Amino acid sequence: MTGAVRGHDQTVGMSDAGQAVATVTAVATRAVAVTTSAAGGRVLSQPRAAFAGHEVAGELLATLATEHPVLASWSVRDQVMAATWLAGYRSARTRRAYAGDLAAWLDWLTARGIDVLAARTRGLLAAADTDTGPTRLRAAAAIRLLLHQGLRVDELARASVADLGHDRGHRTLTVTRKGGHRVALVLPPATTAALDTYLASRVATAAISDVATGTDRVASWPTVTSPNATAAGVTGPLLATSTGGRMDQAAFWHLVRRLARAAGIEHWAALSPHSLRHTAITLALDAGASLRDVQDFAGHRDPRTTRRYDRSRHSLDRNAACTLAAYLA
């Protein structure tokens with residue numbers, strides 16, 4: 001559903017039809033590929049499993065069109081997601097009842113301006129802020145970097161303190177995008193505050209360590225006086241392990257799922273760092289950022305890739321004719 005943080009389905013298809021096929025293929029391919037075929041008892045190959053996913057998508061859409069016309073206004077991708085869930089109930093009457101309840105619930109949310117995706121995302125940020133333990137400050141910084149910047153997990157894992165900078169009054173983080181090109185990204189104030197707090201704690205920890213070992217480097221560490229204290233004196237990975245090493249991608253997966261579970265997100269076990277990237281792009285478009293700006297934000301080469309995340313692209317309220325008429329008036 002569009003009202004849930006994007007989970008295991010990381011393929012947002014090329015068109016509405018492509019979205020439907022991609023959604024079901026992602027699920028059906030995994031399921032069908034590990035089952036034996038009725039004919040020979042052999043495990044289906046990946047291409048055959050993918051073909052089965054295409055067939056299932058078509059069947060689900062056909063069933064939904066006849067049984068659940070109340071969902072006809074949804075995107076094809078969301079129709080398939082709903083139909084996949086409803087197909088688990090044997091009674092057609094039960095399926096129709098649940099489809100009506102689901103549509104009514106989402107209409108109720110829409111009428112009151114309640115966005116479940118945004119609400120759950122804020123819940124995830126709150127879970128990071130109330131996290132406990134020695135890595136709580138790192139968790140708050142990491143989640144904001146993933147959500148506010150829409151970073152790919154490998155981009156964040158490779159980032160170093162030396163990649164931080166300033167540009168015309170903005171704090172920046174330079175990351176290595178796909179293809180190896182380097183891009184400077186603006187860090188919003190909330191991300192900067194969390195990151196500075198975390199880096200300041202690393203400065204303080206290092207100073208305490210120097211005192212404990214009796215070395216004379218303690219005088220070289222900067223004085224930490226506020227959450228916005230400079231990270232001078234801190235080197236190495238932007239987000240480090242307790243021993244100063246670089247966090248691997250598995251550590252970010254564990255962090256996202258642990259905090260999602262703490263936030264009460266039902267399908268926390270299906271989430272990944274890339275789910276947060278999907279969420280960031282979707283919510284940036286929902287918040288009114290232009291397609292061109294979100295394309296740059298996400299690092300997409302093709303604007304059609306970015307457009308797949310736009311949940312309200314068919315909304316008449318955003319029709320360019322009204323905007324143009326008001327501009328020319």
Answer residue from the stretch 275-309, given it is in contact with a Lys or Arg (Cβ under 7 Å, 6 or more places away or on another chain) and among the charged types (D, E, K, R) and is farthest from L145 (Cα to Cα) among those: R307
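Yes/no matrix, rows are residues, columns are (1) under 25 Å from R301 (Cβ atoms); (2) in the same structural domain as F297 (by TED's automatic domain parsing); (3) at pLDDT below 90:
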position	(1), (2), (3)
L147	yes, yes, no
G150	yes, yes, no
V153	yes, yes, no
R171	no, no, no
K178	yes, no, yes
A193	no, yes, no
L199	no, yes, no
S226	no, yes, yes
V234	no, yes, yes
Number of the condition not met by Q46 [criteria: (1) more than 22 Å from R308 (Cβ to Cβ); (2) at pLDDT 65 or above; (3) of a type in the set (S, T, N, Q)]: (2)
Among the residues listed as T121, T135, the single one being hydroxyl-bearing (S, T, Y), touching a helix residue (DSSP H, G or I) at 6+ places or on another chain (Cβ under 8 Å) and at pLDDT 80 or above: T121
Test: V294 is within 24 Å of A126 (Cβ to Cβ) and β-branched (V, I, T): no
Residue that is assigned to a strand (DSSP E or B), touching a residue at least 40 places away in the same chain (Cβ under 8 Å) and either crowded, with 19+ Cβ neighbours inside 10 Å or of a type in the set (D, E, K, R) (or both), where the choices are L173, L146, L156: L173
Set T323, T279: member being of a type in the set (S, T, Y) and surrounded by 12 or more Cβ atoms within 10 Å (Cβ to Cβ): T279
Considering residues of the stretch 176-190 that are assigned to a helix (DSSP H, G or I) and in contact (Cβ under 8 Å) with a residue 40 or more places away in the chain only, the residue surrounded by the most Cβ atoms within 10 Å (Cβ to Cβ): A190
Pairs where the first residue, in the stretch 57-73, is within 19 Å of R93 (Cβ to Cβ) and the second is outside any helix (DSSP H, G or I) and hydrophobic (A, V, I, L, M, F, W, C), C-beta under 7 Å, 6+ apart: L60/A87
R277, sole failed condition from (1) touching a helix residue (DSSP H, G or I) at 6+ places or on another chain (Cβ under 8 Å); (2) more than 18 Å from L125 (Cα to Cα): (2)
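The values are calculated or read from the model by the stated rules, or taken from the named source; none is laboratory data. Note that the structure is predicted; figures quoted are calculated from it, not measured. Don't worry about glycine lacking a Cβ; one is built from the backbone with ideal geometry, like all the others, and counts go over all protein chains shown.
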